[in-house]
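Trainee: Starting off with a structure, shown below.
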Amino acid sequence: MQLERVHARRRRRTDPLRERRARAGRSSRAVLFELLEKRPLLTAGPLSAVLPSLGGLVDAAVSIDSSEPAGSGGDGLQDILGTFTVTNTNDSGAGSLRQAITDANASPGLDTITFSIGGSGPHTITLSSSLPSITDPVIIDGESEPDFAGTPVVVLDGNFISGSPDGLRLAAGSDGGTIRGLVIQRFGGDGIEIDGADGNTITGNYIGTDVTGMIDQGNDQDGINIENASGNIVGGTNPGEGNVISGNGDEGIEIDGSTASGNQVLGNLIGVAANGTTRIGNGEGMWIEDAPGTIVGGAAVGAGNVIGANNSGIIISGTNATGTVVQGNHIGTDVSGAADVGGAFYGILFHFTDSTPLFPIGIPSNSTIGGVNAGEANTIANWGADGVNVGYGDRHAVLGNVIRDNGDLGIDLTFDDGVTINDVDDVDTGANDLQNHPVLLSAGIVGSSLVVTGTLDSTPSTAFDFDFFANTTADASGRGEAERYIGSFYGISTDTNGNLIFSDTLGGANVAAGEFVTATATDQNGNTSEFAVNVTAGSTIALIAEADTFLDAGATGTNYGVSTSLVVDRSGGDLGNQRVLLRFDESLIPGGTTILSADLKLNATQNNGAFDLNVYEVTRAWDEGSADGAAGEANWNKRVVGTNWTTSGGDVDGTVLATLNTGATGIHTWDVISLFQSWHADAKANNGLMIASPNTGTTTIVYDSREGSIPPVLEVSYLVVNSVLIADAGGDYNIVEGGTLALDASASDDPEGDPLTYTWDLDDDGSFDDATGVKPSVAWEDLPSAIADDGTYTIRVRADDGNGNTDDASATLTITNVAPVLAATGSATAGVGQSYTLNLSADDPGNDTISGWTINWGDGAIDTIAGNPSSATHTYTQIGFTRNITVSAVDEDGTWTESDLIVGHYVSGSDDVYRFDGTTGDFESIFESTSGAMSRPYTLVFGPDGNVYVTGYSSNNIVRFDAAGNYLGVFSSGSGLNGPDGLAFGPDGNLYVANYSSDSILRFDGTTGAFIDNFGSGSALNGPAGMDWGPDGDLYVSSWDNGRIVKFDGNSGGAPTTVISGLSFPEQIAFHDGDLYIANGAANDIKKWDGVLLTTYFSDATLDGATGLTFGPDGWLYVSSYDDDRIVRFDGTTDNVFVDVGSGGLDRPE
């Protein structure tokens, strides 16, 4: 089979479909792979360039220049990356910010404006006229100023500009830019205006304050105005990314326009100073007007904003203001929730855009305020009016928030109208459909749990969710507010009359006796009600009838199970002709309790005369039935389907349990404690109760049934008998190094209901001194040092009831290793023959020690250094190349790199380029499709611009991707390209292409892709494939069809000379430490040539069809194994499989 394959490879040119390597007959053809940086997915591989990342360079790119020594500050990097440096505080001229913006606007693509202003900061740029609008993508990086030390020191001051100028204006065309680390103050317009520019990031700025972030220096209009611009991010979730946006005359942030979609506001201080508590209010905190899909805050750590000291916190208006999500924010408090930074009016207001309240125009809808999952709730407190005013619009879900200490209502439906009274069947309309609120009947404490019962009268046959809250003090309205969220019931539906009943347990509510409990109801469209009237938590539970009906001697086969009424008469005879049956589920009352009282309560709606109403025990089981005045069970004759009562009219014990005689309507009460105690002790079966009268006459009484407005209840008070305290440590727990440990002991139980305190022993040293509370979150830096590394540990909790009783419980904590974050930084230029310094650092959240570094300098040299030095040096000897430096580090857990492995997929019609994790080899992703522009990707390299260049063998072109894998378009086509294979950028910055089918090397402009010339060809070159620049400055090329390596003069090209012959279909080649390494395809080995001798460097059973090769940041040689579909690696002694067979679809890589 090997002979057959080689024979097929020789049949080139005669049949294009069977050209070289029998290409159409092979299932795939993957290109030489390189390494890409994983964070932030920018290029970092051999013969490629690296762009700066927000967190610094993970791998460094160096431009080698003969005229500028390393660190000289020359324009080498500026030419490559479009970097313009502000060197003074002048209003205009060379080195000014104004000039830098002008230059960046004239430079296509993403540019960078950095700062290097002499002297110590702050550096105030006092402007006399507006800066140019930004019309091209740019990163304005105030944090690049050398004396930046965590807070902005570059100040833009607009106080001396007449009119209403904006500080910085991002106009159309400036998509994807960043404004970072500036103070923007005293402009007559907005601090920053984003007008029609998408995808920008505003981070780490002080907008409207002085350089300390503590003194009001506000802009006259908005701090930030986003106008019809989408996908912008204001702030961020990491420390230092949030902005201080305070002191501005109008809104801190305004987001306006129907095309201003998907903007995010994260981690900012809006209306407060940089310390997070001092008031420097804006006019309003935020105004979201007609903008869809805005996200304010979030559940992630650091995503929430502090919004305070403004007239109102957030105002949302406009028809297109849909899908707004506000989560995880502190609106009216500092981030701890302790400091009062509220404002005069509303925490959150849903309003209209225009006209008058009687005829509003532009009403928002479909918003989410808070949530019940971790981190989603907002704290909304200390506002002069309502916490949340849903003045207009519907489908505004207000869920799980802490809402407290507001001047008016916690939640108010309809603008400034106070409490909205429930209406029958909830037929009224208005804000949030004027959703009726629940009616709470009881909140019974059972250990750490709370049994809640209540009702809702609303839209018939509709499902509702209920959120419950506890308060230490009651709001003046008697409704809420919501000091803390304690749980939810979900998906409970009303019946056909619009009524529903809930009776259930909230586990882990931890409500103390005497606290006030309230609730909201939210329909499935997201319409949330106002808060319910509070009930006081204690040792009373109102059991709502789980079944009720009445029996009628005048209609012996008729069932009234779903009637809204229950009827009792006095007609003589035994117990009258109309009798009520009731049954209650007593299992909600906790076991081991003493029953103190049990009162049966029914609401009489009609009463035309007083008579005795007796309560009896029912002795046989019965079904409620589902009829209302029609045939069915239970009825006068039958108790269940197919079974009669023993005595018509119901089987009861004749003993009268309680008697009431009244002619009034309203609540009628009977004491039935003796029977309930028997049920609770399991001394008697619970078949329910009957209400009947033995009196003569014709009088009747009508009560509400469980389907009516006020259902029958059995109100039970109880005392928990002293019992054993049981601690529960939760878990088991799993976190990664650097993660936060969220503990949970809420399943601990004290049947007496005593409030419990909790202490934690996290390092298993016997001392419970590492954390406190029922659900503490312990940051990584606060974990005991004994467990601050990957491994498995035992942690313990101690619960204390305050009465001398304690209990301990344990759980397992597993901490998973996290790779260290490596950083390699240095000057962007290096002088030939001069020492170049690379700064090294590693950040590992675990207790791991870096024991060594490997540095691939990008010019074929690789150094391995023991220990953890802060820097390393290297001397470059060749002029004009852009070299990428990739690094790896070793600790006790393994070898780590920030780079990815990318491999192309050679198959007819394919344009796939695969990405694999550079540390683990795991499949990650596929580059964006070219939609047919490229066919059969063959070889890839990285250009000086940091982009990925790939040859399309069958499409006869070269395409380009950015380092994240986004397709950028065709770079070169035509101009004689015919089966392009190998690629290499030369010292002149141009792109050299091995043109397989014409046996030539073509040269293209490295910036524009324009054809320059035929650099070289000759009889020695037969099927050029791989290529690399040698240390002698010449271009080396593998000649596949005649088994040679040839070289071209690096300056003149022309005809090549043969340096190696006798190879077996050589593929990719690479220089390392002065030696040439060759993938010797059909021989299944790697050859090494030192300039004189040719030896076998690597040959193993794991290698079958050696094609592509490169040296990684760890110094290993990575080789594609064509015939068994995997990537192997070799360190000179040991080899192993790095990417296994078919991973991610990998198929016959070359």
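Derivation of every value follows stated rules applied to the coordinates shown; laboratory data play no part. Only a predicted model underlies this, so the values are computations on that prediction, with no experimental measurement involved. FYI the Cβ positions are ideal-geometry reconstructions off the backbone, even for glycines, and counts take in every protein chain you see.
Trainee: Using the Karplus curve 6.51 cos²θ - 1.76 cosθ + 1.60 with θ = phi - 60°, work out ³J(HN,Hα) for each residue of segment 663-676 in order, rounded to whole Hz, and write x for Gly and Pro.
Mentor: In residue order, the calculated couplings are x, 8, 8, x, 7, 9, 10, 10, 8, 10, 4, 5, 5, 5 Hz.
Trainee: Note down the nm distance, to one decimal, between modelled labels 7 Å out along Cα→Cβ at residue 863 and at residue 892.
Mentor: 2.8
Trainee: So for the pair residue 808, residue 90, with labels modelled 7 Å out along Cα→Cβ, what separation do we get in nm?
Mentor: 7.3
Trainee: PRE reach from residue 1073 (point 7 Å along Cα→Cβ): which of segment 1101-1121 fall under 20 Å by backbone N?
Mentor: From segment 1101-1121, the list is 1109-1119.
Trainee: Once you have the Cα-Cα distance between residue 792 and residue 659, take 0.36 nm times their residue separation minus that, and quote the gain in nm to one decimal.
Mentor: Going from the current span to full extension adds 41.3 nm.
Trainee: May I ask you to compute the full-extension gain from residue 423 to residue 493, defined as 0.36 nm times their residue separation minus their alpha-carbon distance, rounded to one decimal in nm?
Mentor: Residue separation times 0.36 nm, minus the Cα-Cα distance, leaves 23.4 nm.
Trainee: Grab the beta carbon distance between residue 1096 and residue 925, set R0 = 35 Å, and tell me the FRET efficiency rounded to 0.05.
Mentor: Efficiency, rounded to the nearest 0.05: 0.50.
Trainee: Let me ask you something else. Looking at the calculated P(r) for segment 145-260, what percent of the C-alpha pair distances fall above 20 Å?
Mentor: 36
Trainee: Next question. Give me the number: length gained by fully extending residue 335 to residue 644, i.e. 0.36 nm times residue separation minus the C-alpha to C-alpha distance, one decimal in nm.
Mentor: 104.6 nm
Trainee: Relative contact order of the chain: what whole-number percent is it, with Cα pairs under 8 angstrom and at least 6 residues apart?
Mentor: Reported as a whole number, the value is 9 percent.
Trainee: A follow-up question, please. Tell me, what HN-Hα J-couplings in whole Hz come from the Karplus equation 6.51 cos²θ - 1.76 cosθ + 1.60 at θ = phi - 60° for each residue of segment 880-892, using x for Gly and Pro?
Mentor: Running phi through 6.51 cos²θ - 1.76 cosθ + 1.60 with θ = phi - 60° gives x, 7, 9, 9, 9, 9, 10, 9, 9, 9, 10, 10, 5 Hz.
Trainee: Which listed residue (970, 809, 312) has the Cα farthest towards the positive end of the charge dipole for the chain, taking +1 on Lys and Arg C-beta and -1 on Asp and Glu C-beta about the Cα centre?
Mentor: Comparing the listed Cα positions along the dipole, 970 ranks first.
Trainee: Continuing with the same structure: With a Cα-only, solvent-free Debye model of segment 733-816, what are the log10 I(q)/I(0) values at q = 0.21, 0.23 Å⁻¹?
Mentor: -0.93, -1.08
Trainee: Within the chain, what is the number of lysine pairs with alpha carbons under 27 Å apart, leaving out pairs fewer than eight places apart on the same chain?
Mentor: 5
Trainee: Would you calculate a helix-derived [θ] at 222 nm for the chain, using -39,500 (n - 2.57) for each DSSP H run of n ≥ 4 and dividing by the full residue count, to the nearest 500?
Mentor: After summing the helix terms and dividing by the residues of the chain, the value is -1000 deg cm²/dmol.
Trainee: What Rg and what Dmax come out for segment 813-924 when only alpha-carbon atoms are used, in angstroms?
Mentor: Rg, Dmax (Cα atoms, Å): 16.9, 55.
Trainee: Still on this model: What residues qualify as long-range amide H neighbours of residue 1059, i.e. H under 5 Å apart, gap of 5 or more or another chain, H built at 1.01 Å from N?
Mentor: 1045, 1046, 1047
Trainee: About the Cα centre of segment 623-778, how large is the charge dipole given +1 on each Lys and Arg Cβ and -1 on each Asp and Glu Cβ? Please answer in debye to the nearest 20.
Mentor: In debye, rounded to 20, segment 623-778 gives about 1520.
Trainee: Turning to a different aspect of this structure: Can you put 617, 781 in order of Cβ neighbours within 10 angstrom, beginning with the fewest?
Mentor: With the sparsest Cβ surroundings first, the list reads 781, 617.
Trainee: For residue 233, enumerate residues with amide H under 5 Å from its amide H, sequence gap 5+ or separate chain, H modeled in the peptide plane.
Mentor: Those lying under 5 Å, H to H, from residue 233 are 200, 201, 202, 264.
Trainee: If you don't mind, there's one more thing I want to ask. Which one, 161, 236, 217, is farthest towards the positive end of the dipole of segment 75-294 when Lys and Arg carry +1 and Asp and Glu -1 on their Cβ?
Mentor: Working it through, the farthest residue towards the positive pole turns out to be 217.
Trainee: Using θ = phi - 60° and the Karplus form 6.51 cos²θ - 1.76 cosθ + 1.60, what ³J(HN,Hα) does each residue of segment 428-437 get, whole Hz, x for Gly and Pro?
Mentor: For segment 428-437, the Karplus-derived couplings read 6, 10, x, 4, 6, 6, 6, 3, 4, 8 Hz, x marking Gly and Pro.
Trainee: Also, quick follow-up: Within a 10 angstrom radius of the beta carbon, how do 558, 951 rank from fewest other beta carbons to most?
Mentor: Placing the least packed residue first, the sequence is 558, 951.
Trainee: Taking only the alpha-carbon positions of segment 75-294 and ignoring solvent, what does the Debye formula give for the base-10 log of I(q)/I(0) at q = 0.08, 0.12, 0.16, 0.17 Å⁻¹?
Mentor: For segment 75-294, the Cα-only Debye profile gives -0.23, -0.55, -1.01, -1.16.
Trainee: Mind checking the dipole of the chain: about its Cα centre, +1 per Lys or Arg Cβ, -1 per Asp or Glu Cβ, Debye to the nearest 20?
Mentor: Charge dipole, the chain, about its Cα centre: 3400 debye, nearest 20.
Trainee: Here's something else I'd like to know. Quick one: if you stick a label point 7 Å off each Cα along the C-beta vector at residue 299 and residue 416, how many nm between them?
Mentor: 3.7
Trainee: Sequence-distant or interchain residues sharing an amide H contact under 5 Å with residue 244, placed H: which?
Mentor: The list, which skips near neighbours in sequence, is 205, 206, 207, 269.
Trainee: In degrees from 0 to 90, rounded to the nearest 10, what is the angle of the helix 97-106 Cα long axis to the longest principal axis of the chain?
Mentor: Its long axis makes an angle of about 80 degrees.
Trainee: Moving on. Over the Cα atoms of the chain, what is the Rg over Rh ratio if Rh follows Kirkwood?
Mentor: 1.10
Trainee: At a 10 Å Cβ-Cβ cut-off, how would you order 574, 988, 394, fewest neighbours first?
Mentor: 574, 988, 394
Trainee: Here is a further query. Once a ≥ b ≥ c are taken as the square roots of the eigenvalues of the Cα gyration tensor of segment 376-450, is the result rounded (a/c under 1.5), prolate (a/b larger than b/c) or oblate (a/b not larger than b/c)?
Mentor: Oblate, because a/c is 1.5 or more while a/b does not exceed b/c.
Trainee: Here's another thing I want to ask about it. If you take the charge dipole of segment 544-716 about its Cα centre, with +1 on Lys and Arg Cβ and -1 on Asp and Glu Cβ, which of 680, 697, 575 is farthest toward its positive end?
Mentor: 697
Trainee: Place a point 7 Å from Cα of residue 978 in the direction of its Cβ. Which residues in segment 879-910 have their backbone N less than 11 Å from it?
Mentor: Hits in segment 879-910 for residue 978 at 11 Å: none.
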